[in-house]
Each structure stands twice: as structure tokens, then as C-alpha cells.
1. Calculate how steeply helix 39-51 sits against the longest principal axis of the alpha-carbon atoms of the chain, using the helix alpha-carbon long axis, and give the answer as 0 to 90 degrees to the nearest 10.
2. What does the helix-only formula give at 222 nm for the chain: each DSSP H stretch with n ≥ 4 adding -39500 (n - 2.57), the total divided by the residues, and the result rounded to the nearest 500 deg cm²/dmol?
3. Hey, how many Å between the Cα centroid of the range 11-55 and the Cα centroid of the range 58-98?
4. Compute the accessible area per residue over the range 1-104, keeping the other protein chains in place, probe 1.4 Å, unit Å².
5. Please check: in the Gaussian network model of the chain (C-alpha springs, under 10 Å), which one of Lys72, Lys13, Lys104 has the largest mean-square fluctuation.
6. State the percentage of accessible surface on the chain attributable to carbon and sulfur atoms; use a 1.4 Å probe and exclude ligands, DNA and RNA.
7. Connecting C-alpha atoms closer than 10 Å in a GNM of the chain, tell me which of Asp109, Asp19, Asp82 has the biggest fluctuation.
8. To the nearest 10 degrees, how steep is helix 6-17 against the longest Cα principal axis of the chain, on a 0 to 90 scale?
Amino acid sequence: MKKLPDAEFDIMKVVWANDPPVTTQIVMQQLGNERGWKAQTVISLMLRLMERGFIRTEKKGRERTYFPLISKEDYLKFETGDFMERFHANSFFSLVATLYAGNKVKDSDLDQLEKWLKEKRE
């Protein structure tokens with residue numbers, strides 16, 4: 001699996017948010033119009049996602065429908081793992097310390113993290 005460019009990731013978020021199959025029209029309504037994309041732009045991005053193995057397509061009459069091949073959870077696991085490795089040498093402590101130093105962690109988050117860690121140790 002490879003990291004998706006932002007535009008393709010945004011399309012995948014639309015694909016994951018909707019029950020399959022997804023159409024170009026759905027992507028245009030939920031993302032393309034907001035971005036000022038033409039239908040051909042969405043079609044080209046969907047083709048790239050097919051080539052990367054993220055979606056498959058079926059043709060029904062004149063319309064193409066798309067189905068996810070990779071789940072949101074699997075992709076987020078991949079991206080998070082890559083991020084942890086590249087920026088934090090796979091150190092969970094480094095990640096949390098960086099977030100805490102940047103004032104990105106609330107006390108409620110720390111409480112939840114503490115509870116989660118206790119559950120994982122049991």
C-alpha cells in the first residue's frame with residue numbers, strides 16, 4: 001500500500017462514507033462541486049484509485065459504479081504506522097510528548113489514555 005495524495009484521499013473518504021456502490025455523481029455532489037472540479041477530474045482521480053488497488057468498478061449501462069477494496073481502518077492503520085516510523089521512530093512516548101508539548105492534548109485526553117493503558121496492561 002502507498003500513501004495517497006490529498007485529492008485521492010478525499011475521494012476515498014467519500015467512498016468510505018457512503019454505502020457501496022458509489023458513483024461519480026455522488027463524489028461530485030459531496031466533494032467535486034465544493035472543490036470546483038469537473039466530472040472528468042473526478043473520473044481521472046477514480047481511475048488512479050483503481051490503478052492503485054483502492055477501488056474497483058463495474059459498469060451498469062452508461063454509468064460506472066465504484067466499490068472500496070481497502071477499508072478506511074486498514075488505510076488509517078497504514079498511514080499511522082508510517083507516520084510513527086518516519087517521525088517518531090515507532091515511539092508512542094515521542095508522539096504523545098510532542099502532542100503534549102504543542103498543547104494539543106487536553107487533560108480529558110490524558111485521562112482516557114491512562115484508562116486505555118491500564119486496560120491494555122491487564
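1. Tilt of helix 39-51: around 60 degrees.
2. -18000 deg cm²/dmol
3. Their Cα centres are 17 Å away from one another.
4. Per-residue accessible area for the range 1-104 comes out at 67 Å².
5. Result: Lys104 has the largest fluctuation of those listed.
6. Carbon and sulfur atoms account for 51 percent of the accessible area of the chain.
7. Comparing Asp109, Asp19, Asp82 in a Gaussian network model of the chain, the most mobile one is Asp109.
8. 90
The values are calculated or read from the model by the stated rules, or taken from the named source; none is laboratory data. The structure displayed is predicted, hence computed values, not measured ones. Calculation scope for accessible area: heavy atoms of the full protein, side chains included, ligands and nucleic acids excluded. Shrake-Rupley method; radii C 1.70, N 1.55, O 1.52, S 1.80 Å.
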